[in-house]
Number of protein chains: 2
Amino acid sequence: MKEPIGVIDSGVGGLTVASELIRQLPKESLIYLGDTLRCPYGPRTKEEVITYTWEMVRFLMKKNIKMLVIACNTATAFTLDILRKELPIPVIGVILPGARAAISVSQTAEIGVIGTQGTINSKAYPQALLSINDGITVQDLACPAFVPLVESGAFSGEKAYQVVRDSLQPLMHHPKMDTLILGCTHYPMIKDVIQEVIGHQVTIISSGEETAREVSAILGYQRKLYQGEQEPTYQFYTTGEREVFAQIASNWIGEKLDDVETIIL
Amino acid sequence: MKEPIGVIDSGVGGLTVASELIRQLPKESLIYLGDTLRCPYGPRTKEEVITYTWEMVRFLMKKNIKMLVIACNTATAFTLDILRKELPIPVIGVILPGARAAISVSQTAEIGVIGTQGTINSKAYPQALLSINDGITVQDLACPAFVPLVESGAFSGEKAYQVVRDSLQPLMHHPKMDTLILGCTHYPMIKDVIQEVIGHQVTIISSGEETAREVSAILGYQRKLYQGEQEPTYQFYTTGEREVFAQIASNWIGEKLDDVETIIL
């Protein structure tokens, strides 16, 4: 019996984590659930986010997942501790892997974080960074224009550059900042533009890649990586429109899409 | 009570792991034991390596360590599985973190590994890489001239370039290889020369950095990172000459050296 890794997100942003998991752990099966119907979680209350996340978790637990990845920054900030305590399987969020990677890379100990208003307000990244190293200086900045930009499909071009340039302006006066965390799973889509604007002296950390690596480390440490010969399967569920989700998911994941279904939570 | 992280190595090579641990986890205390007297482990029999490693482990377990890092590739290859089974604390070796990081970075899925004759003969890296992703092509190469070069202190200069150029020659005909694992904890000392020779299109993975990050991930996941206000301490033990070891260690670790002692195992 091949137990899949479960991935939950408020919508499609977590597909960056899923595609990295497929790339880094090609023997593992995956079940992804995006709560597209109620996306975005950013402006919602803590209670709403907790309720919605539990609904997703209960759905995936019935599918016999061996590990849960919370691929949404807001959901991680509000539910990681509770889920870790309550679930009998390992639970990993996107915030600590990003923080750890940034600390590992930074030479100046001055680290930037960009994310949605909700994530930046929660102070989850500064807390995570300082809990590991209290000598870190954090420059955090909400970029509310980035998710709409990504969802409009404008990943490059003059408009993208203009939005990114305007948004990142407050970060341009920190010459010691040598590392920037993309604290939102939508942002890797415009990573090239962000890199161009912020400059090549800054290393950009994408939480998706880092989370996939930490999944590999924890599963490997717990001897739970799949070692059989069975081909992996990739199942996708959404609470929203099947066709819209399938279109976006197949763009990000490629041909490896086995199944997309709409469900009611 | 602040429990330290224990680090063992056949000699001084593991100091690259220790210095990364200090940099990435500045709140954690550390105890390092280098078996300088019986170094190198590379040409020794499996039974000898297992016996010596257990002697080091028993010494550190009496010091109440909360995690054990095997900062030696040969010792990792021969003892990781046994120690994980026998010890009540988490045990981390240097091979899997390097393998995981390389898989995360490589876009071409062709990965090079260099190490001592012992490590390359053990096939531990190819096994680790293929256990995660069996689509990886591995080019491995023993570089027996590198450890003597590093121990002679020739980290750069014409001689270093010549040795590295000659040694890496067999890897120069693999244009698809985009990632190179330094599978020996001595090699980060000549990383710049290796990078220059192999070319900047190849990403070099240093097992020390990666192992430190995985220690952070596992301790973080197990909620065992130190969260108090006590200053960290760094204690160093060697089975060889105190003065020689103290000199090398203070070069690598900087002023943070609290104590160096010679012990008999």
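Here are some notes:
- When B:Ile194, B:Ile204 are checked against the criterion of being more than 12 Å from every other protein chain (Cβ to nearest Cβ), modelled with pLDDT of 90 or more, assigned to a strand (DSSP E or B) and at negative phi, B:Ile204 stands alone in meeting it.
- For the range B:94-112, a residue qualifies if it is touching a strand residue (DSSP E or B) at 6+ places or on another chain (Cβ under 7 Å) and without any contact (Cβ under 8 Å) to a residue 60 or more places away in the chain, and exactly one does: B:Ala109.
- Residue count for the range B:164-184, restricted to those that are polar (S, T, N, Q) and open to solvent by less than 10 Å² (accessible area, probe 1.4 Å): 1
- Filtered residues of the range B:207-225 (kept if open to solvent by 10 Å² or more (accessible area, probe 1.4 Å) and more than 10 Å from chain A (Cβ to nearest Cβ)): B:Lys224
- Tally, over the range B:143-163, of residues that are closer than 19 Å to B:Val113 by Cα, open to solvent by 60 Å² or more (accessible area, probe 1.4 Å) and either in a loop (DSSP other than H, G, I, E, B) or among the β-branched types (Val, Ile, Thr) (or both): 1
- Odd one out for B:Gln139 among (1) in contact with a Leu (Cβ under 7 Å, 6 or more places away or on another chain); (2) more than 14 Å from chain A (Cβ to nearest Cβ); (3) open to solvent by less than 20 Å² (accessible area, probe 1.4 Å): (3)
- Qualifying residue in the range B:234-243 (condition: in contact with a Pro (Cβ under 8 Å, 6 or more places away or on another chain) and not in a loop (DSSP other than H, G, I, E, B)): yes
- Counted residues, the range B:79-124 - those being of a type in the set (S, T, N, Q), open to solvent by less than 20 Å² (accessible area, probe 1.4 Å) and either assigned to a helix (DSSP H, G or I) or touching a Phe, Trp or Tyr at 6+ places or on another chain (Cβ under 9 Å) (or both): 3
- B:Leu130 being in a helix (DSSP H, G or I), open to solvent by 20 Å² or more (accessible area, probe 1.4 Å) and either acidic (Asp, Glu) or farther than 19 Å from B:Gly11 by Cβ (or both): yes
- Scan of the range A:191-201 for residues that are crowded, with 19+ Cβ neighbours inside 10 Å and out of contact with any strand residue (DSSP E or B) (no Cβ under 9 Å at 6 or more places or on another chain), ordered by number: A:Val193, A:Val197
- Screening B:Arg58 against (1) in a helix (DSSP H, G or I); (2) modelled with pLDDT of 95 or more; (3) within 14 Å of chain A (Cβ to nearest Cβ) leaves a single unmet condition, (3).
- The listed residue being more than 11 Å from every other protein chain (Cβ to nearest Cβ) and touching a residue at least 24 places away in the same chain (Cβ under 8 Å), out of A:Pro170, A:Pro175, A:Pro148: A:Pro170
- Sole residue being modelled with pLDDT under 95 and out of contact with any Gly (no Cβ under 8 Å at 6 or more places or on another chain), chosen from B:Ile103, B:Ile111: B:Ile103
Conditions tested, residue by residue: (1) among the charged types (D, E, K, R); (2) more than 26 Å from A:Ala101 (Cβ to Cβ).
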{"site": "B:Lys2", "(1), (2)": "yes, no"}
{"site": "B:Val7", "(1), (2)": "no, no"}
{"site": "B:Leu37", "(1), (2)": "no, yes"}
{"site": "B:Gly42", "(1), (2)": "no, yes"}
{"site": "B:Glu55", "(1), (2)": "yes, yes"}
{"site": "B:Leu68", "(1), (2)": "no, no"}
{"site": "B:Thr76", "(1), (2)": "no, no"}
{"site": "B:Val105", "(1), (2)": "no, no"}
{"site": "B:Thr108", "(1), (2)": "no, no"}
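The values are calculated or read from the model by the stated rules, or taken from the named source; none is laboratory data. Just so it is clear, the structure is predicted and the values come from calculations on it, not from any experiment. We place every Cβ from the backbone using ideal geometry, glycine too, and count neighbours over all the protein chains shown. To get the accessible areas, we keep the full protein, side chains included, count just its heavy atoms, and leave off ligands, DNA and RNA. Shrake-Rupley method; radii C 1.70, N 1.55, O 1.52, S 1.80 Å.
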